[in-house]
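Contents: one structure, followed by commentary.
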Amino acid sequence: MPKPKFKIYDLAQPMGPGNTYVWPYFPDVKWYKIGYHGQNGIATYMIDNLTMHTSSHADAPYHDLEDGPTIDKMPLTSYFGEAVVLDIPKGELETITAEDLKKAKPAVQEGDIVVVVSGWYKKFSSEEKFMVKHPGLTPDAADWLVKKKVRTLAVDFGSVDHPYQTALIEIRKDVMPVKVTSMEEFRKKWPFLYVHKTLLRNGIALVEYIGGDVGQLLGKRINFAAVPLKIIGGDASVVRPIAFEMS
C-alpha cells in the first residue's frame, strides 16, 4: 500500500458511555447495547437523548437565530479548508479578547478557519471545570472576527461565548465567583450569547469542543475539516474534526 502523502491529526473530544458531558439543562445521554456478538453475532449500540451539541460539534445559525439556515443548508466549504491554530492560553473563566486575537500568530487572514486553543481541552477529565468554568470570547473579539471576514471559528471549550454570556451564570450560580444582583445590568456588560449570534448572523460557522492532537499544531497553518451530518432542519451536528498536513 502506498504511503499517504499527508499526516492526519485527530482534533475530536471523546464521546461514549462514561465520558459524554451534557449542558446542565439537557437530559443525560443514555447508551444501550442492543446487539451482542454472543447472542446475535453482531454488536449494535442505541443512543437516547443525544443532542447534536454533545462533544465535538458544529452549531448552525438556526440554533441561535430563528431565521438562520439549518445545518443541512450550511455550505460544506465552511467546514473544510485552510486554518490558523492560535495559541491563546487562558485559565478558569478568563476572557479571549480582540487584542488576544490580534497578537496571536500566525496572523488571521480573510477567509481563514480560526482555531482558538486556550489549553482548556486538557481539562476534559474534570467535568464541572470543563463544562462550567471555561474561558470564552468577549463581544469585541466577535466583532473583530467579523471585520476580518473569517470563515469559521473553532474553539477548544464547550461554548464560544464566555459562561457569563450564557445561561450558566444563572444555572450554576452556586460555583460562579460573581454574584448577580441585577441581571438587566449584568447583561449590559455580558450580553447573552453575543458571540454566537454575531458570528452566525454574519455567516461565520462555529465548531466547539476541539481537542485531541490540537496541541501539536499550535502556531501553525494547517488544513482543517469538521464536516457535519446532513440533518434536515437541524440546529447542529456532531463532527469528527481533523487537521492534515501535506508531506
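Relative contact order of the chain, taken over Cα pairs closer than 8 Å and 6 or more residues apart, is 32 percent.
Cross-link reach is defined here as a Cα-Cα straight distance under 30 Å, omitting same-chain residues fewer than 8 places apart; for Lys3 the lysines meeting it are Lys220.
Near Tyr9: Cβ cut-off under 11 Å, other residues only, Lys/Arg at +1 and Asp/Glu at -1. The net charge is -1. Counting only the Cα atoms, the chain fills a convex hull of 149 Å³ per residue. To the nearest 0.05, what FRET efficiency results for Thr44 and Ile171 with a Förster distance of 25 Å applied to their C-beta separation? It comes to 0.10.
When each of the peptides 15-22, 92-99, 160-167 is scored by the mean number of other C-beta atoms lying within 10 Å of its residues, the order from highest to lowest reads 160-167, 92-99, 15-22. Counting Lys +1, Arg +1, Asp -1, Glu -1, what net charge surrounds Asp235 among other residues with beta carbon under 14 Å of its beta carbon? Taking every other residue near Asp235 into account, the sum is -3. Where in the chain lies the longest segment free of trypsin sites (Lys or Arg not before Pro) that are both loop residues by DSSP (not H, G, I, E, B) and have at most 14 other Cβ atoms within 10 Å? Excluding the exposed sites themselves, the longest stretch runs over 6-148.
Considering only alpha-carbon pairs that sit under 8 angstrom and 6 or more positions apart, the relative contact order computed for segment 39-171 is 24 percent. Averaging Cα coordinates gives a centre for segment 33-57 and one for segment 83-143; these two points are 32 Å apart.
Candidate cross-link partners of Lys188 among the lysines, defined by an alpha-carbon separation under 17 Å and a same-chain spacing of 8 or more, comprise Lys179, Lys197. Taking the DSSP bridge list for segment 98-247 and keeping only pairs wholly inside it, about 25 percent are antiparallel.
The alpha carbon convex hull volume per residue for segment 199-247 rounds to 117 Å³.
Every read-out reported here was derived from the displayed coordinates using simple, explicitly stated rules and does not represent laboratory data. In this text the structure is predicted, and so the values were computed from the model without any measurement. Backbone-built Cβ (ideal geometry, glycine too); neighbour counts: all protein chains shown.
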